[in-house]
2 protein chains.
Amino acid sequence: MQESYDNALLGRPDAEPPALAPRLGIVGGGQLARMTAMAALRLGCDVVILERNRLSPAATLATHALVGDWNDPAVLAQLAARTDVITLENEFVDAEALRSLEAAGRVVLPGSVTVSRAQDKYQQKALLEAAGLPVVPYARVDSLHQLRTAVQRLGLPLVLKARRDAYDGRGNATVRTVDEAESAFHALGAGGARALYAEAWCEFSLELATIVVRARTGETVTYPVVETEQRNHVCNVVRAPARVTPEIAARVSEVARRAADAAGMVGAMGVECFLTASGEVVINELAPRVHNSGHYTIEACACSQFENHVRAVLGLPLGSTRMVAPAAVMVNLLGTRQTTARPMGLERALAVEGANVHLYGKLMSGAGRKLGHVTALGDTVEQAESAASQCAAAISFGEAA
Amino acid sequence: MQESYDNALLGRPDAEPPALAPRLGIVGGGQLARMTAMAALRLGCDVVILERNRLSPAATLATHALVGDWNDPAVLAQLAARTDVITLENEFVDAEALRSLEAAGRVVLPGSVTVSRAQDKYQQKALLEAAGLPVVPYARVDSLHQLRTAVQRLGLPLVLKARRDAYDGRGNATVRTVDEAESAFHALGAGGARALYAEAWCEFSLELATIVVRARTGETVTYPVVETEQRNHVCNVVRAPARVTPEIAARVSEVARRAADAAGMVGAMGVECFLTASGEVVINELAPRVHNSGHYTIEACACSQFENHVRAVLGLPLGSTRMVAPAAVMVNLLGTRQTTARPMGLERALAVEGANVHLYGKLMSGAGRKLGHVTALGDTVEQAESAASQCAAAISFGEAA
């Protein structure tokens with residue numbers, strides 16, 4: 001414990017510590033970066049976070065926290081100068097800026113090509129379709145003319161989506177008539193800065209997801225297939241493993257692996273699928289990053305999605321995705337209103353046996369904002385869900401009345 | 001992810017973030033503080049670390065890191081001003097300085113009385129004996145006269161130990177003759193600043209340990225009883241659960257609970273025991289803190305010793321100590337020589353399925369220095385030990401030749 005010889009031996013008490021282990025840079029400082037940083041620190045890495053503001057959930061865990069615009073090549077270059085490998089917690093980073101880092105010989109994983117393909121959801125669909133993977137029918141809608149063509153071809157209802165920067169339902173609209181479609185087309189900002197595309201309405205019986213991790217070598221591992229349940233377009237509950245036939249689970253894993261290959265992914269990728277009424281698996285969306293549907297892996301799997309992501313981007317062997325319990329359920333802790341994110345009710349929440357509480361240390365709450373999550377293990381999904389739900393229900397955010 | 005409204009709502013981008021969750025201060029910044037900080041951060045706490053030097057393993061994870069002498073009441077007062085609860089990662093902090101904080105109304109857990117009883121191992125023995133708990137026969141040795149009396153009463157070989165500030169075998173000597181006893185008495189610095197005591201030699205068949213966590217309410221939970229194996233007085237391997245009869249395991253848990261009660265402990269306490277050749281359980285030593293013999297609980301138990309320590313000192317309900325696998329083995333990663341602590345061999349280590357690597361991010365290695373650990377779960381202790389040992393053997397520290 002009294003290990004004061006560090007500084008004496010290093011000789012320069014005010015100097016930056018030497019980098020003995022890999023230095024991982026993460027673009028973005030939210031909860032995904034925070035949990036990735038925890039995994040990286042456990043493996044002895046230095047972690048540098050780049051976020052637009054100083055008080056981000058991941059900044060606390062960073063060896064260094066840089067504040068700046070991640071789309072600014074000069075800021076990214078500062079991050080690169082301090083790190084050996086750069087990774088991303090979101091797919092919204094400007095791919096051109098990432099390309100400039102790669103051109104300068106920096107390691108960015110996932111790479112700019114993967115990010116550019118994934119961040120434009122229209123291109124993402126095209127990529128998956130070209131790889132022979134099942135996607136919901138879709139169409140380009142750059143103009144009202146194309147919108148009307150899309151309605152004719154894809155039918156109604158129809159989902160209009162922003163090609164970029166949309167998440168958790170933001171930038172999306174489901175329309176039931178041509179008039180609604182035209183209103184939404186304008187409301188979503190089409191024709192201006194925002195490009196849209198249209199997707200056919202997909203009647204699904206279940207939403208399934210998995211995390212696939214692809215190593216630099218191209219080797220892939222997949223985590224158990226899970227059921228995801230959205231509330232107001234925000235992930236609310238994840239149930240592992242999904243209560244589907246082995247054939248359906250295998251099909252989800254297969255399309256996830258093939259999608260990761262097609263995208264040239266390195267690292268963890270979330271793959272969201274629909275199980276249609278006729279039993280087909282269709283890819284809904286790829287996220288080229290650690291994903292909310294994989295948070296349960298922290299407690300439930302031998303090696304979490306976060307550690308496997310770190311291993312993948314650092315070129316280390318991938319860890320086992322085996323579950324350590326028969327079942328696990330994760331419930332998100334979502335804000336309900338604009339207030340501080342002061343957690344309330346932790347005493348009751350922690351009294352629920354076997355529930356693991358994760359709070360992200362955010363300062364402000366907001367409707368649907370992800371402020372934490374709860375994971376419980378169990379012998380069955382039902383048992384785990386009971387504990388996780390009871391624990392999550394005890395927690396609220398904001399000031400006491 | 002784009003959650004830039006934090007600063008706007010808070011209005012003061014350069015201000016200290018408001019404390020929304022409990023602020024935990026930790027005296028000491030080594031690996032125990034590091035792993036405690038990870039557990040506290042997961043629960044949304046702010047963590048403030050106080051360590052003598054800036055580059056400590058826990059500093060990276062701290063919301064704030066204070067550099068200063070933890071025995072200086074003014075420095076402790078700075079820590080107290082930034083935190084709601086102060087806890088300790090070692091028992092070497094001056095109990096008087098802690099008492100001054102308590103007198104000022106600060107919450108220090110474990111409290112100064114507990115720390116003062118535990119940090120003086122002679123007093124610790126006396127406390128345990130007074131509580132009717134089994135200890136190795138011992139004697140005070142303030143003078144050569146008392147030393148000779150101790151030899152007569154306790155027999156030879158005899159273990160001379162510093163009453164304070166000794167750990168991992170430092171400050172201890174095993175002597176086989178009266179001459180050796182007198183030499184060691186002087187060599188250990190007796191008569192000067194260092195007070196000694198003597199313990200009878202204990203022939204043991206096994207070293208057992210457990211972690212007991214005592215809440216502010218006095219409620220206690222105990223973790224599975226483990227076997228510990230020392231190498232050169234440093235903990236090397238921990239096997240969970242111990243391969244002993246249920247009666248012996250129950251006896252260890254019972255003495256641990258009673259010891260925690262007797263010490264007025266709040267938080268996690270390591271209790272090391274000898275299992276004698278005749279099958280008796282005798283307490284070797286208490287450590288009023290999270291303990292190396294409990295590192296395996298991170299992966300192997302529903303709630304780790306670190307999280308339960310945080311819960312206890314914050315007054316939150318204690319979590320389940322149930323193992324999530326039939327067996328777990330932890331192997332320490334110890335330095336062998338004075339060099340940098342650059343980890344080598346991670347590629348081979350992480351290729352061992354199911355082994356979890358924890359590196360502490362220390363800068364310098366040294367003989368016997370704890371630089372990390374590996375935990376593996378398994379269906380049997382033997383299976384877990386095979387994986388943990390293989391993984392640990394692949395890791396070394398220092399520069400490539």
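Do we have B:N308 as within 12 Å of chain A (Cβ to nearest Cβ), surrounded by fewer than 24 Cβ atoms within 10 Å (Cβ to Cβ) and within 30 Å of B:K125 (Cβ to Cβ) here? Before you say what the answer is, go through the steps one by one.
Numbers: within 12 Å of chain A (Cβ to nearest Cβ): yes; surrounded by fewer than 24 Cβ atoms within 10 Å (Cβ to Cβ): no; within 30 Å of B:K125 (Cβ to Cβ): yes.
Taking the combined requirement at face value, the residue does not satisfy it.
Suppose we keep only residues that are surrounded by fewer than 18 Cβ atoms within 10 Å (Cβ to Cβ) and touching a Leu at 6+ places or on another chain (Cβ under 7 Å) within region B:178-199. Which one would you say is farthest from B:T276 (Cα to Cα)?
Filtering region B:178-199 for residues that are surrounded by fewer than 18 Cβ atoms within 10 Å (Cβ to Cβ) and touching a Leu at 6+ places or on another chain (Cβ under 7 Å), the one farthest from B:T276 (Cα to Cα) comes out as B:R194.
Within region A:56-86, count every residue that is small (G, A, S), within 14 Å of chain B (Cβ to nearest Cβ) and outside any strand (DSSP E or B). Walk me through how you get there before you give the answer.
So in region A:56-86, the residues small (G, A, S) come out as A:56, A:58-59, A:62, A:65, A:68, A:74, A:77, A:80-81.
Still in the running and within 14 Å of chain B (Cβ to nearest Cβ): A:56, A:58-59, A:62, A:65, A:68.
Going one step further and asking which of them are outside any strand (DSSP E or B), we end up with A:56, A:58-59, A:62, A:68.
Count: 5.
Of A:A277, A:A250, A:A263, which residue is farther than 19 Å from A:G111 by Cβ and in contact (Cβ under 8 Å) with a residue 60 or more places away in the chain?
Details: A:A250 fails: in contact (Cβ under 8 Å) with a residue 60 or more places away in the chain; A:A263 fails: farther than 19 Å from A:G111 by Cβ.
It is A:A277.
Does any residue in region B:92-114 that is without any contact (Cβ under 8 Å) to a residue 40 or more places away in the chain come within less than 7 Å, Cβ to Cβ, of a residue that is crowded, with 19+ Cβ neighbours inside 10 Å and part of a loop (DSSP other than H, G, I, E, B) six or more places away or on a different chain, and which pairs are these?
Within 7 Å, the pairs are B:E102/B:G111.
Test of understanding: among A:V238, A:V290, A:V271, A:V266, which residue is farther than 25 Å from A:L316 by Cβ, of a type outside the set (S, T, N, Q), at pLDDT 95 or above and not assigned by TED's automatic domain parsing to the domain that holds A:T87?
Working: A:V290 fails: farther than 25 Å from A:L316 by Cβ; A:V271 fails: farther than 25 Å from A:L316 by Cβ; A:V266 fails: farther than 25 Å from A:L316 by Cβ.
A:V238 is the lone residue from the list that is farther than 25 Å from A:L316 by Cβ, of a type outside the set (S, T, N, Q), at pLDDT 95 or above and not assigned by TED's automatic domain parsing to the domain that holds A:T87.
Among the numbered conditions (1) in a strand (DSSP E or B); (2) farther than 21 Å from A:G264 by Cα; (3) among the small types (G, A, S), tell me where A:A242 comes up short.
So the condition that A:A242 fails would be (1).
For residues that are more than 26 Å from B:L41 (Cα to Cα) and either surrounded by 21 or more Cβ atoms within 10 Å (Cβ to Cβ) or not assigned by TED's automatic domain parsing to the domain that holds B:V266 (or both), tally how many sit in region B:311-328.
Taking region B:311-328 and keeping what is more than 26 Å from B:L41 (Cα to Cα), we get B:326-327.
Imposing the further condition that a residue be either surrounded by 21 or more Cβ atoms within 10 Å (Cβ to Cβ) or not assigned by TED's automatic domain parsing to the domain that holds B:V266 (or both) reduces the set to B:327.
Qualifying residue count for the region: 1.
Among residues belonging to region A:90-138 that are of a type in the set (V, I, T) and not in a helix (DSSP H, G or I), point out the one that is surrounded by the most Cβ atoms within 10 Å (Cβ to Cβ).
A:V108
Can you work out which of the residues in region B:357-379 that are over 28 Å from A:R322 (Cβ atoms) and of a type outside the set (A, V, I, L, M) is surrounded by the fewest Cβ atoms within 10 Å (Cβ to Cβ)?
B:G368
The conditions are (1) surrounded by fewer than 18 Cβ atoms within 10 Å (Cβ to Cβ); (2) outside the structural domain of B:L286 (by TED's automatic domain parsing); (3) touching a strand residue (DSSP E or B) at 6+ places or on another chain (Cβ under 8 Å), and B:Q230 fails exactly one of them. Which is it?
Just one mismatch for B:Q230, condition (2).
Only one of (1) under 25 Å from A:E89 (Cα atoms); (2) surrounded by fewer than 20 Cβ atoms within 10 Å (Cβ to Cβ) is not met by A:S143, so which one is it?
All conditions are met except number (1).
Could you list all residues from region B:198-236 that are closer than 10 Å to B:A256 by Cβ, of a type in the set (S, T, Y) and either in contact with a Ser or Thr (Cβ under 8 Å, 6 or more places away or on another chain) or without any contact (Cβ under 8 Å) to a residue 40 or more places away in the chain (or both)?
B:T210, B:T222, B:Y223 - these are the residues of region B:198-236 that are closer than 10 Å to B:A256 by Cβ, of a type in the set (S, T, Y) and either in contact with a Ser or Thr (Cβ under 8 Å, 6 or more places away or on another chain) or without any contact (Cβ under 8 Å) to a residue 40 or more places away in the chain (or both).
Is region A:130-142 home to any residue that is at pLDDT 95 or above and under 19 Å from the mean Cα position of the chain (by Cα)?
no
For residues that are surrounded by fewer than 24 Cβ atoms within 10 Å (Cβ to Cβ) and at pLDDT 50 or above, tally how many sit in region A:1-27. Don't jump to the end; show me each part of the working.
As a first pass, look at region A:1-27 and keep what is surrounded by fewer than 24 Cβ atoms within 10 Å (Cβ to Cβ): A:1-23.
If we keep only those that are at pLDDT 50 or above too, we end up with A:14-23.
Residues in region A:1-27 being surrounded by fewer than 24 Cβ atoms within 10 Å (Cβ to Cβ) and at pLDDT 50 or above: 10 in total.
In region B:322-377, which residue that is touching a Pro at 6+ places or on another chain (Cβ under 7 Å) and closer than 19 Å to B:M35 by Cβ is farthest from the other protein chains (Cβ to nearest Cβ)?
B:M323
Given the structure, is A:V282 at the interface with chain B (Cβ under 8 Å from one of its Cβ atoms), not charged (D, E, K, R) and not in a loop (DSSP other than H, G, I, E, B)? Break it down stepwise before answering.
Values: at the interface with chain B (Cβ under 8 Å from one of its Cβ atoms): no; not charged (D, E, K, R): yes; not in a loop (DSSP other than H, G, I, E, B): yes.
No: the conditions fail for A:V282.
The values are calculated or read from the model by the stated rules, or taken from the named source; none is laboratory data. All figures in this text were calculated on a predicted structure; none of them were measured in a lab. Positions of Cβ are backbone-derived with ideal geometry, glycine not excepted, and every protein chain shown enters the neighbour counts.
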